[in-house]
Structure formats: structure tokens, C-alpha cells
Amino acid sequence: MRKRLPSILPAVDELIGHAVQDFVTREEFQDAMKPDRHPDLSLIRKAMPTVFVIMGNILYRDNHQAIDQLNGFIREQVQVNRSRLEETSYLDRVVLIQDMLSSLFPEIIHRIAPYLPAGVAIYKMIGSLSQKWLGDSDELPGISKFPPGNVATEMGLQLGDLANALRGHPEVVEYLEHADDAGFLINPPGVARGREMLPLFQEFLQKYGIRGTGEIDRTRLRWREEPTQFLLMVLSYVRSAQPGQHRRDFEAGKKEAELMATRLINRLRKQAIMQEANTLVTEVGGLMTHGAVVAREYGIPALVGVEGATRKIEEGQRIRVDGTQGIIEFI
């Protein structure tokens, strides 16, 4: 581990830089820490507690519950603030919204600060250290596929579920192809099975209706305000995708991510062993197998394709290898 520590330091420095941006700009922090200046202790006092929490999340804490905790906080805030808004109207509601935003945003930043920079930093460290230790980061794209808990992924799955529910009801599909924004959510479709389908659409819009086409523009209408935007997406699923295909693709992506993570860990373990090894002997393989290539990189002798090697060489036994002549000598 001592040999590897210097290669980790740049990634840790990057982590600190991202972390303090939630409270001070990166330029302010770097300027305050210049050798020719006295450190600004107020900036350090603001940034360091969060940096320590982030480092703790990276090194020690099991963060599997982080998504559930953050989603629970969001649901709680939505429920509380919706109740408050329902008790007001007109200009009082506008003033209340302004007050909510001024107090809620710092609380949100405080909640996500220990997790978001930690996740970004770990992702970057995996890529940079894989590149340094293994010469590539081939597994990283696969590990990143279909992350559970991602709001875009979850929305896509529910959108596919809606399309699945519509299949087999051509009369409802035909109605939706000509539905208008004004009456879609107010009056249930006057077709067979339409009344059964409406709650599914309402549930989706209740959860994701704040999104919309070109949603980064605050002046654009949301799906809740113009539901025919998202109806086009549902109908596209119905026409182009196979029933249940979205769920199968998601499960396949999860399996690929797990496989890539396992492969990366195994490669790193093998690399760590090779750094400590003085020679390599394998029962299978050839001149271009991974073990032989890595042995050449480290400049150690290697014999591959040695029949019965794992049975004849006992654990802990000392051997001498002549890679040029292909000879193994028991000591």
C-alpha cells in the first residue's frame, strides 16, 4: 500500500476540490492555501467538516442506504410543503414559495454534500487508478450501466410499465393518439378500459410530471401541464418495444455491471499479486495470455502451459525458474 499511496493523492486532492465548492469556490480555497499567503481559517473551518464526512463515506461507511435516505427526505419535504401551500392562495402562496426555496435549498445541499462528491470522486478514482495500474479502464462503462436508484432509469422503467399496461387495449391506444391536454386528466377516456388506465397515468404524472421537453428552460410547460408530451413517449414504447423488454434490458444491464465489477476486482488482485511476485508459473495459457504479458511488463520470468504445475508445486514451496530454458527447479 505504501507504493500506491502517491498515485492516490491527486485523486484525493480532486475530491477535496469538488467538496469545498459547495461552500466556497475552488479558486477561493486554492488562493487561501497558497504558500505565500496565510491560510484563511474561516474558509478552512467551513470546508473541512464536510471534507472529513466525505472522506469517511469513501473509506469507512456503507452507503447502500444513502439513496433510500435521500429519497425519504425528498418525499417528506414534498408532503410537508404541499400541505403548507394548500393552506394559502394567491400572493401569499408566492411569498410562501419564495420562503420555502430560501430555506430548503441550503438544507438539500447539506443533505447531499456528504454523498454526491463522494460518488463523483470514487468514480473518477476508479477510472484514473485503473488506467494507472492496469493500463486501461475498460470495465468502467459497463459498471456505469443502469444504476439502481437513478431517477431517469426508474422513470424509464415505469414508462415501459405503462406501455405494457396499454398493450391489448387498442381502443385506449387509439383514444390517446387523439387526446388533448385539456381533457385528458380531467375526464376519464370514454372508451372501454379507459377508466382503469387513467389512475396509472395519474400516478406517473404525480411522480414525474414536473419533468418536460426541454425542461432546463423554466418557461417550458411540464408534462403535468401538457401531458400529451409524455403520451407520445408512451405510445412510442407501445409501437416499437417488445412487451417487458425494458425490464429485461435493465436486468441484463445490472448483470453486466456486476460482471464488470467482478472482472475489475480480479484484475486488480492479480496485478497486486504480480507486483509482489518474483516469477510466474501457470498450467494453461500461451505467449499472449494476460499473465505472460504482465510478467513481461514487470520483468519477471514466466513459464506458461506447464502441465500439472498446480499439483506438483505445493503452496509455500520454493522453486527456481529459468524462463529462457523453460526449467523449474525445486529448492
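The values are calculated or read from the model by the stated rules, or taken from the named source; none is laboratory data. This one's a predicted model, so the numbers in the text were calculated from it and none came from an experiment. Cβ sites come from the backbone with ideal geometry, for glycine too, and all protein chains shown count toward neighbours. Calculation scope for accessible area: heavy atoms of the full protein, side chains included, ligands and nucleic acids excluded. Shrake-Rupley method; radii C 1.70, N 1.55, O 1.52, S 1.80 Å.
Pick from region 212-252 the residues that are at pLDDT below 90 and of a type in the set (Lys, Arg): which of them is nearest to residue 182 (Cα to Cα)?
Per the criteria, the residue is 224.
State all residues of region 71-103 that are open to solvent by less than 40 Å² (accessible area, probe 1.4 Å) and either assigned to a helix (DSSP H, G or I) or not polar (S, T, N, Q) (or both); if no residue qualifies, say none.
72, 73, 81, 96, 100
Could you list, in sequence order, all residues of region 293-323 that are in a loop (DSSP other than H, G, I, E, B) and free of Cβ contacts under 8 Å to residues at least 12 places away in the same chain?
299, 314, 315, 316
Taking region 231-258, which residues are under 15 Å from residue 173 (Cβ atoms) and either open to solvent by less than 80 Å² (accessible area, probe 1.4 Å) or among the aliphatic types (A, V, I, L, M) (or both)?
Across region 231-258, the qualifying residues are 231, 232, 233, 234, 235, 236, 237, 238, 241, 243.
State which residue pairs qualify: first residue more than 17 Å from residue 127 (Cβ to Cβ) and inside region 259-277, second residue of a type outside the set (Gly, Ala, Ser) in any location, beta carbons under 7 Å apart, and separation of 6 or more residues or different chains.
Within 7 Å, the pairs are 274/294; 274/298; 277/300.
Would you check which residues across region 72-127 are under 30 Å from residue 263 (Cβ atoms) and charged (D, E, K, R) and list them?
124
Taking only pairs six or more apart or across chains, which ones have beta-carbon atoms under 8 Å, a first residue in region 114-132 that is closer than 19 Å to residue 142 by Cα and among the aliphatic types (A, V, I, L, M), and a second residue that is in a loop (DSSP other than H, G, I, E, B) and at pLDDT 85 or above?
Pairs that qualify, where the first residue is closer than 19 Å to residue 142 by Cα and among the aliphatic types (A, V, I, L, M) and the partner is in a loop (DSSP other than H, G, I, E, B) and at pLDDT 85 or above, are 126/137.
Could you check, for region 258-268, whether at least one of its residues is under 35 Å from the mean Cα position of the chain (by Cα) and closer than 30 Å to residue 200 by Cβ?
no
Does region 282-290 include one or more residues that are open to solvent by less than 70 Å² (accessible area, probe 1.4 Å) and either among the basic types (Lys, Arg) or assigned to a helix (DSSP H, G or I) (or both)?
Within region 282-290 (the criterion being open to solvent by less than 70 Å² (accessible area, probe 1.4 Å) and either among the basic types (Lys, Arg) or assigned to a helix (DSSP H, G or I) (or both)), the answer is no, since none of the residues qualifies.
With the requirement that a residue be of a type in the set (Val, Ile, Thr) and surrounded by 10 or more Cβ atoms within 10 Å (Cβ to Cβ), what does region 300-327 give you?
Result: 300, 304, 306, 310, 313, 319, 321, 327.
Filter the helices (runs of 4 or more DSSP H) completely within region 128-204 down to those with at least 1 residues that are among the small types (Gly, Ala, Ser) and at pLDDT 80 or above.
Because the criterion is at least 1 residues that are among the small types (Gly, Ala, Ser) and at pLDDT 80 or above, the helices (runs of 4 or more DSSP H) in region 128-204 that meet it are 140-143, 151-166.
Output the number of residues of region 60-117 satisfying the condition of being closer than 19 Å to residue 49 by Cβ and basic (Lys, Arg).
Final tally of qualifying residues: 2.
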